[in-house]
Amino acid sequence: MEAIMSKNLKLNVNGKGYDVEVGTNETLLRVLHEKIGLTGAKIGCESGECGACTVLIDGEPRLSCLTLAVDCEGKKIETIEGLADFESSKLHPIQEAFIENFGFQCGYCTPGFIMVAKAFLDKTRGREFTDEEICEAIAGNLCRCADYISITQSIRAAAEKMRK
Amino acid sequence: MAEFKWIGKSIPQKESKEKVTGSAKFVADMRADLYAKVLRSPYPHAMIKNIDVTKAEKLPGVIATLTYKDVPKRLVPRSSARPCFVLDKHLRYVGDDVAGVAAISEEIAEAALDLIEVEYEVLPAIFNAKEATKEHVPKLYPEGNVWGPVDNKLADKGLQEPTILSWGDIEKGFKEADVIIEDEFLVNPQIHSPLEPHVCIAKWERGQLTLWVSTQTKSEIVDSLSYTFEMPLSKIRVITPYVGGGFGSKYIERYVPLTALLSKKAEGRSVKLLFTREEEQCHTKRAGQDLYVKMGAKKDGTITAIYFRSYFDIGAYGSGVSGSCLFWEEAPVLAYQYENARFEAWDVHTNTSSASPMRSVQVPGATFAIEQVIEGVAEKLGMSPTEIREVNMSETGDMAPPKPYTNSNIEYPRAGLDAYPSKKLLHEVMEEAQWKEKWKGWAKPVASSGSKRRGIGIAYAQGWGGFNFDGYMAMAVSMYPDGSLTVLSGSQDLGTGSNTTLSMLAAEFLGLDLSEVNVVSGDTSNGAFDYYEARSSRTAIISGHLMLQAIQEAKNKICTLAAPKLGAEPEGLDLKEKKVFIKETPGESIPLSSILTAPVFGSASGPQGSAFPEIEPGVKTKNPLVAAAEVEVDIETGEVEVIKLVPGTCPGRMINPGMVIGQCRGGAVVGLGMALYENFNFDVKENVWISRNFLDYKLPTAKEIPEIKLVILEAVTERLPQVGAPYGARGTGEWGVALIVPAIANAIYNATGIRMKRCPMLSEVVLDTLTKGGK
């Protein structure tokens with residue numbers, strides 16, 4: 001094995017600061033799982049093909065399995081765990097919409113879809129959008145339970161909720 | 001129609017909040033003391049001549065290694081068609097398990113694999129199932145490559161025969177036919193591709209083994225490993241909190257005992273083995289098929305005989321149920337009232353990944369052949385696609401199988417079909433698909449424009465109803481003094497929401513609020529058991545049935561306790577809404593809380609060994625399936641665009657429509673992937689898996705989804721809820737997949753006049769077939 005450099009990092013995840021020592025080759029996904037204890041971003045392919053590990057970095061959907069943790073310093077990382085308020089157990093409107101519209105079955109790909117949906121809905125806030133735009137936004141996320149129609153319906157319903 | 005408190009309401013899964021907030025911990029999310037990696041065979045067929053792990057074991061951080069020399073000399077039942085050892089020196093596909101390593105990190109375990117020295121004797125390999133049945137070809141097993149008949153005790157001894165289900169006399173049937181059509185088809189395997197890869201954490205403690213596994217079949221793992229490790233059933237505990245998709249791939253497999261043995265060698269430290277995506281895509285599949293179908297019919301369309309033969313590529317190991325579970329509980333061979341029939345399934349080993357059942361099992365491949373051949377018959381007779389099906393399709397009360405039959409598979413009684421409105425379903429699908437307006441005749445496109453041809457197609461089959469193997473399971477309930485209920489279930493919630501469905505059934509039966517029912521599953525230490533567990537669309541149905549029986553037993557006990565207090569006979573009492581009341585004068589009641597000071601248990605299991613019970617004597621439950629597809633084919637490029645899918649199903653009575661819809665629609669998308677996109681691909685020259693990732697094995701995404709209009713036809717024979725399938729519900733989960741492939745193939749024929757012989761119908765396959773005129 002080649003020697004891997006490690007580095008002390010300050011990561012901002014869901015508004016909280018974390019001091020972590022990470023190898024320079026470690027992905028954000030693995031650091032979230034193994035050093036910060038946040039497992040909402042899922043290990044699906046670890047090669048950028050399935051979208052299950054999607055998080056938001058400075059508001060943009062990013063594949064945490066292809067993102068090096070050392071590149072995330074100074075950036076705002078949002079994961080699925082940051083969406084709902086734990087104390088009040090109040091869900092984000094997107095989460096409510098996914099539940100009400102049966103937008104998942106096994107739930108493994110769901111955090112990725114919800115994070116992509118959040119970026120999409122934040123960006124399209126205040127304007128109309130088509131179903132094609134939703135499909136384009138989530139085209140990088142795979143669901144093998146495969147009822148994509150309920151997922152697009154959930155995102156549309158979430159937009160309605162967020163408008164209110 | 002009966003009034004219900006819960007049944008028929010769309011209620012989201014109980015685990016919804018956990019799933020949308022990321023707090024649901026899947027096994028892949030869990031940590032362990034040590035991490036395992038598996039050295040995998042670079043050859044499709046080889047024998048390990050020497051293996052040396054000395055250098056690997058010296059790598060700092062490596063705690064344990066495992067080779068075939070270290071494993072018990074006892075087989076792992078049901079991990080494969082022919083039971084195998086945990087590791088073997090005989091390697092049968094690229095990716096087969098050579099050795100395991102456990103280390104303090106995945107990186108170290110991975111690095112240690114490179115230090116294992118292996119000398120291989122490379123053997124000639126075979127990749128084609130039909131070829132593999134021949135005499136002078138490479139053999140994966142000394143007794144030969146054919147495994148069968150399925151579920152026949154002789155199969156373990158290597159009887160080289162197909163599984164056969166037959167009735168009547170097909171020779172006579174073909175003689176009586178006015179028209180005979182025969183054809184051959186090839187269906188590529190499909191890869192399950194759950195988003196959560198296979199994963200297991202094992203902790204071997206003194207005299208007890210605990211396993212956290214992403215699995216559909218915890219009880220089967222307990223049963224199997226109890227044999228392999230010579231441990232009592234009660235000392236193996238399997239925990240499955242959530243399953244990130246299984247689709248038929250997550251049964252007992254050898255990687256589970258492999259991980260357990262690494263934990264044992266590591267003196268009880270927990271060991272986690274998580275498959276990489278490449279490992280996931282290269283180790284299992286829906287069996288490929290090489291099919292031949294011959295069908296004869298009289299002028300009036302009556303089918304006089306069918307001969308169906310398929311070579312199922314079950315790969316290196318197959319699974320406990322393998323390819324010809326096509327016949328398992330008869331689907332889809334009973335779709336039509338064939339006068340004479342012979343269905344012949346050859347389960348054949350090849351040097352590729354192992355087949356296990358997948359959502360709709362072998363029905364999509366079988367119907368790709370049967371549903372195209374029946375159309376060939378109809379065309380020759382001058383009948384329409386829908387007419388010939390109407391003439392032959394089974395209906396309510398028809399016997400299944402239609403004639404006394406012989407079967408080298410599991411025996412099950414002939415019985416009449418319960419609430420089976422196949423023709424009504426056909427008509428409703430036709431209406432939704434605008435069949436009468438669009439179907440203009442054989443090979444007459446719906447519309448043409450430039451190189452684009454639009455076509456419409458239809459298909460029909462029969463699915464099983466999920467009422468099976470009650471003799472291999474046990475459920476229990478605990479009814480508390482406050483009237484609330486805990487259900488101890490052995491049946492895994494695969495992510496389909498079956499625990500929510502069970503809660504709804506119990507709450508309906510007892511007049512409770514949903515929040516008052518707690519289903520405890522996902523852990524075999526609850527004492528419940530379900531050997532067949534989360535497969536064949538059965539959890540809500542058969543687990544629901546036994547749960548209601550268990551509740552009934554608890555009710556009976558409580559009514560006996562309440563009888564003196566109410567001054568009535570126990571038989572004259574009933575329990576609902578937390579009260580025991582006199583049936584004739586329901587106003588006379590006492591609350592449960594004044595009867596019980598401790599919970600009362602009820603339990604149920606089917607008769608020992610019962611595999612295919614009738615829902616009442618002489619009656620069985622099946623699910624008629626019809627699907628239509630409208631496509632646009634570009635005859636210059638071969639590209640097929642699906643415009644609309646209309647999958648139709650008859651789920652008896654829907655318990656939770658929201659979930660039924662999700663299952664059916666999701667299933668249709670998996671069928672779409674199998675029909676058009678998903679290309680299982682192993683390069684036999686380079687010994688490399690091409691379909692090892694999601695770039696080279698394309699799953700449908702949101703962008704490929706056509707309009708999908710479901711037709712869900714409810715049909716129920718009213719019975720007491722605890723008698724037969726609960727409230728008339730029927731297995732439905734997997735059937736959305738079943739007919740998309742043949743419906744699309746028939747639509748392509750309507751558009752182009754050319755029959756599709758190969759699946760997936762990739763654009764290059766379609767173009768090639770069109771160019772060669774269907775040859």
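Only the coordinates and a few stated rules stand behind these numbers; no lab work does. On a predicted model such as this, the values are computed, not experimentally measured, just so you know. No Cβ is skipped: glycine too gets one built from the backbone with ideal geometry, and neighbour counts run over all protein chains shown.
Below, the figures for the structure above:
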| item | result |
| --- | --- |
| Sparse-neighbour loop sites [GluC sites (Glu not before Pro); region B:560-652; at most 15 other C-beta within 10 Å; DSSP] | B:E577, B:E584, B:E588, B:E636 |
| Whole-angstrom gap from region B:399-421 to region B:551-621, using each part's C-alpha centre | 33 Å |
| Members of B:K557/B:K578; B:K89/B:K285; B:K403/B:K622; B:K25/B:K703; B:K37/B:K139 lying beyond 19 Å, as alpha-carbon distances in this model show | B:K89/B:K285; B:K25/B:K703; B:K37/B:K139 |
| Debye, to nearest 20: dipole size of chain B, +1 on Lys, Arg Cβ, -1 on Asp, Glu Cβ | 340 debye |
| Built amide H within the under 5 Å cut-off of B:G648, gap 5+ | B:V626, B:A627, B:A628, B:V711 |
| Positive-end residue, region A:6-82 charge dipole about Cα centroid, Cβ charges, pick of A:V31, A:V20, A:G48 | A:V20 |
| Percent of Cα-Cα distances greater than 50 Å, calculated over chain B | 16 percent |
| Cα point-scatterer Debye curve for region A:6-82, base-10 log of I(q)/I(0) at q = 0.25 Å⁻¹ | -1.23 |
| Long-range HN-HN contacts of B:D523 with modeled amide H, under 5 Å | B:T240 |
| Total charge dipole magnitude, region A:50-164, about the Cα centre, Cβ charges on Lys, Arg, Asp, Glu only, Debye to nearest 20 | 140 debye |
| Listed residue (B:S394, B:I655, B:P721) projecting farthest to the positive dipole end of the protein assembly as shown, Cβ model | B:P721 |
| For the protein assembly as shown: Kirkwood Rh in Å [reciprocal of mean 1/r, alpha carbons] | 28.8 Å |
| Charge dipole (debye, nearest 20) of the protein assembly as shown; +1 at Cβ of Lys and Arg, -1 at Cβ of Asp and Glu | 360 debye |
| Using θ = phi - 60° and Karplus 6.51 cos²θ - 1.76 cosθ + 1.60, couplings along region B:748-758 (whole Hz; Gly, Pro as x) | 5, 5, 4, 6, 10, x, 10, 7, 8, 9, 10 |
| Per-residue ³J(HN,Hα) for region B:526-543, Karplus 6.51 cos²θ - 1.76 cosθ + 1.60, θ = phi - 60°, Hz, x for Gly and Pro | 6, x, 6, 8, 8, 5, 8, 6, 7, 8, 6, 6, 10, 4, 5, 7, 7, 5 |
| Positive-end residue of B:F26, B:L695, B:I303, charge dipole of the protein assembly as shown with Cβ unit charges | B:F26 |
| Inter-probe distance in nm under a simple model that places probes 7 Å from Cα toward Cβ, at B:E182 and B:E616 | 4.6 nm |
| Whole-Hz ³J(HN,Hα) from phi, Karplus 6.51 cos²θ - 1.76 cosθ + 1.60, for region A:36-53, glycine and proline x | 10, x, 9, 10, x, 5, 9, 7, x, 9, 6, 8, x, 10, 10, x, 5, 9 |
| For B:I643, residues with placed amide H under 5 Å, excluding near neighbours | B:E630, B:V631, B:E632 |
| Mean-position separation - Cα centroids, region A:95-137 and region B:66-80, in angstrom | 46 Å |
| Principal axis dimensions, largest first and in whole angstrom, of chain A by Cα | 49, 32, 27 |
| Residues B:E395 and B:D169, FRET efficiency given R0 of 22 Å [Cβ-Cβ distance, rounded to 0.05] | 0.35 |
| Difference of contour (0.36 nm per residue) and Cα-Cα distance, B:E18 to B:L695 | 240.7 nm |
| Exposure proxy ranking, count of Cβ atoms within 10 Å, fewest first, for B:T228, A:T152, B:T649 | A:T152, B:T228, B:T649 |
| Residues B:L720, A:L68, B:L273, B:L417 arranged by fewest to most Cβ contacts within 10 Å | B:L720, A:L68, B:L417, B:L273 |
| Compactness relative to 2.2 N^0.38 Å, alpha carbon Rg of region A:93-163 | 0.97 |
| Average beta-carbon neighbours from other chains, 10 Å sphere, peptide B:189-196 | 5 |
| Choice from A:A69, A:A52, A:A139 with maximal GNM fluctuation in chain A (Cα, 10 Å cutoff) | A:A139 |
| GluC sites (Glu not before Pro) lying in DSSP loop within region A:79-164, provided at most 16 other Cβ fall within 10 Å | A:E87, A:E128 |
| Sparse-neighbourhood loop sites, trypsin sites (Lys or Arg not before Pro) in region B:566-651 - DSSP loop, at most 14 other Cβ within 10 angstrom | B:K583 |
| Residue-averaged [θ]222 nm for chain B, counting only DSSP H segments that reach four residues, each worth -39500 (n - 2.57) | -6500 deg cm²/dmol |
| 12 Å beta-carbon shell around A:A119, net charge (K/R +1, D/E -1) | 0 |
| Centroid-to-centroid separation of region B:658-676 and region A:47-62 [C-alpha atoms, Å] | 25 Å |
